[in-house]
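Asks: Sharing a structure with you now.
The values are calculated or read from the model by the stated rules, or taken from the named source; none is laboratory data. Treat the numbers as computed from the prediction; the structure is a model and nothing was measured. Please note: Cβ atoms are built from the backbone with ideal geometry, for glycine as well, and neighbour counts cover all protein chains shown. The protein model used for the area step is the full one, side chains on, heavy atoms only, and it has no ligands, DNA or RNA in it. Shrake-Rupley method; radii C 1.70, N 1.55, O 1.52, S 1.80 Å.
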Amino acid sequence: MPCRSITLRGTVTHHQIAPIRNCTLILGYLRIINARFIDFISKNSTNTTIEPLFPNITEISDYFLVFQAHHITNLAQITPRLSVIHGTRLFRSSFALVLFLSPSLTHVNLGRLVSIRQGTVLLSRLYHVCYVSTVDWSALLNATDLKRQQFNPLGELKSSRDHDNDPASI
């Protein structure tokens, strides 16, 4: 089932997700901005997990942005089957995948992602993320876009104009 662009903000509930939960293709972008996912937390005696928000999404036509997502430890909790980001329209004219300032994020975990067709990746201010360097980004990005990627998960943005790249200004 194709869906239009999705933006999740604030406290996200099952009721909000229900109409779009079975999307397989997003015709547009997926943006998660300053969002909390308290309703999706499952606790048992050994650990805390979050059920996948969009278990069937395999493609996003534009870009995927995660900014200040709370309670999300890895992107498989959002889109476990995501395989292609087309990058038809890019965030800030450059980025197909943006992970920025998400305090709970510890792993990227997009194991099924095989292609970012156009655009590059911005990873920044991810203070707890691990294994970013183990991803073969060159296999996902085309050669032109690979040269423009910005991986700086622990530090500041590499741009001298940080406000232009700050997802908070959306």
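Asks: Find out how many positive minus negative residues lie around Ala76, taking Lys and Arg as positive, Asp and Glu as negative, among other residues whose Cβ is under 12 Å from that of Ala76.
Replies: Result for the neighbourhood of Ala76: +1.
Asks: Next up: Counting Lys and Arg as +1 and Asp and Glu as -1, what is the net charge of the other residues whose Cβ lies under 12 Å from the Cβ of Gly28?
Replies: So the environment of Gly28 carries a net charge of +1.
Asks: Taking θ as phi - 60°, what are the ³J(HN,Hα) couplings along region 122-137 by the Karplus curve (6.51, -1.76, 1.60), each to the nearest whole Hz, with x for Gly and Pro?
Replies: Calculated HN-Hα couplings, in order: 10, 10, 7, 6, 10, 6, 10, 6, 10, 6, 4, 6, 8, 7, 8, 4 Hz.
Asks: Roughly how much of Asp39 is accessible, in Å² to the nearest 10, using a 1.4 Å probe?
Replies: Taking all protein chains as shown, Asp39 has close to 80 Å².
Asks: Rounded to the nearest 0.05, what FRET efficiency do Ser93 and Cys130 give with R0 = 30 Å and r taken as the Cβ-Cβ distance? Could you check?
Replies: E(calc), rounded to 0.05, equals 0.50.
Asks: In addition: Convert each backbone phi in region 16-26 into a coupling constant with the Karplus relation 6.51 cos²θ - 1.76 cosθ + 1.60 (shift: θ = phi - 60°), then list the ³J(HN,Hα) values in order as whole Hz, x for Gly and Pro.
Replies: Once rounded to whole Hz, the list reads 5, 7, 3, x, 10, 4, 9, 4, 10, 9, 9.
Asks: Over region 63-140, give the accessible area per residue in Å² for a 1.4 Å probe, as an integer.
Replies: It amounts to 39 Å² per residue over region 63-140.
Asks: Sort Arg31, Arg117, Arg21, Arg92 by heavy-atom solvent-accessible area, probe 1.4 angstrom, most to least.
Replies: Arg117, Arg92, Arg21, Arg31
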